[in-house]
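Enquirer: Structure in structure tokens, see below.
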Amino acid sequence: LSLGTIYVIDLLDDRLRTPEEVQDQLKLPILGMTRRLPESETGETDIYVHDSPRSAESECYRTLKTTLALSAGETNCLAVTSAVSGEGETTLAVNLAAAYAQAGKRTLLIDADMRRPGLSKLLQVRAQPGLSEILKAEAGIPELCEERVTPTVVSSLDVLPCGPRILNAGLLLSMPSLADVL
């Protein structure tokens with residue numbers, strides 16, 4: 001009875017525990033893996049690749065950058081997303097962008113999370129105007145973008161904050177003006 005219960009529990013357990021299981025289930029290659037970053041004294045991670053460039057954790061992001069650069073597809077624009085919040089999308093996006101900038105690539109990081117703008121909070125540009133105002137505008141999108149892009153402590157890395165929070169974020173992100181921004 002115990003062995004039968006364990007077998008049934010194992011059949012019902014659909015979690016993926018190893019990179020090989022992920023690769024087998026999705027039938028996609030794994031481009032890279034990152035380590036959990038140590039937390040700073042404030043409880044949030046900073047731009048770790050910039051602050052600790054010689055650490056093993058930073059090397060993970062540089063390796064991912066190299067893998068993306070050598071991949072067959074075009075990588076001029078990357079979207080970092082997840083089905084569940086708190087999985088590290090913001091940390092991955094900011095550190096990968098910093099790795100690109102440190103390699104001499106001019107990099108623009110756009111915070112398009114209108115509901116919980118973690119990137120704008122992390123980079124301390126939360127109160128600044130940004131993407132939400134640009135997407136609401138009728139005209140002059142290039143000029144608005146140029147005015148709202150903010151440099152970071154990493155040279156060649158700029159950020160476009162999300163701007164003020166709005167209620168209809170999904171509708172705003174589906175507008176044709178987002179293509180003009182990109």
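Enquirer: May I ask you to verify whether Ala97 is in a helix (DSSP H, G or I) and among the small types (Gly, Ala, Ser)?
Expert: In short, yes.
Okay, residues lined up against (1) hydroxyl-bearing (Ser, Thr, Tyr); (2) open to solvent by 30 Å² or more (accessible area, probe 1.4 Å):
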position	(1), (2)
Thr90	yes, yes
Asn95	no, no
Ala103	no, yes
Arg106	no, yes
Leu109	no, no
Met114	no, no
Leu119	no, no
Arg126	no, yes
Leu135	no, no
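Enquirer: List every residue pair whose Cβ atoms lie under 6 Å apart, where the two residues are 6 or more positions apart in sequence or sit on different chains, the first residue falls within region 69-95 and is of a type in the set (D, E, K, R), and the second residue, located anywhere, is at pLDDT below 80.
Expert: Hits for this filter: Glu89/Ser82.
Enquirer: Just to be sure I understand the filter: pairs with C-beta atoms under 6 Å, separated by 6 or more residues or on different chains, first member in region 10-21 and at negative phi, second member among the hydrophobic types (A, V, I, L, M, F, W, C) and at pLDDT 80 or above. Which pairs pass?
Expert: Matching pairs, first to second residue: Leu16/Val22; Pro19/Ile30.
Enquirer: Checking Cys162 against (1) outside any loop (DSSP other than H, G, I, E, B); (2) at pLDDT 85 or above; (3) more than 21 Å from Arg62 (Cα to Cα); (4) not polar (S, T, N, Q), only one condition comes out false. Which one?
Expert: If we test Cys162 against (1) outside any loop (DSSP other than H, G, I, E, B); (2) at pLDDT 85 or above; (3) more than 21 Å from Arg62 (Cα to Cα); (4) not polar (S, T, N, Q), just (1) comes out false.
Enquirer: Just the residues that are without any contact (Cβ under 8 Å) to a residue 24 or more places away in the chain, open to solvent by 40 Å² or more (accessible area, probe 1.4 Å) and closer than 26 Å to Arg106 by Cα, please, taken from region 143-171.
Expert: Once the filter is applied, which keeps residues that are without any contact (Cβ under 8 Å) to a residue 24 or more places away in the chain, open to solvent by 40 Å² or more (accessible area, probe 1.4 Å) and closer than 26 Å to Arg106 by Cα, region 143-171 yields Glu143, Glu146, Glu147, Arg148, Pro151.
Enquirer: Is there a residue being of a type in the set (A, V, I, L, M), touching a strand residue (DSSP E or B) at 6+ places or on another chain (Cβ under 6 Å) and at pLDDT below 85 anywhere in region 91-108?
Expert: The answer is no; no qualifying residue exists.
The values are calculated or read from the model by the stated rules, or taken from the named source; none is laboratory data. Keep in mind the model is a prediction, meaning the values are calculated, not measured. With ideal geometry, Cβ positions are generated from the backbone for all residues, glycine too; neighbour counts draw on all protein chains shown. These area figures cover heavy atoms from the full protein model, side chains too; ligands, DNA and RNA do not enter into them. Shrake-Rupley method; radii C 1.70, N 1.55, O 1.52, S 1.80 Å.
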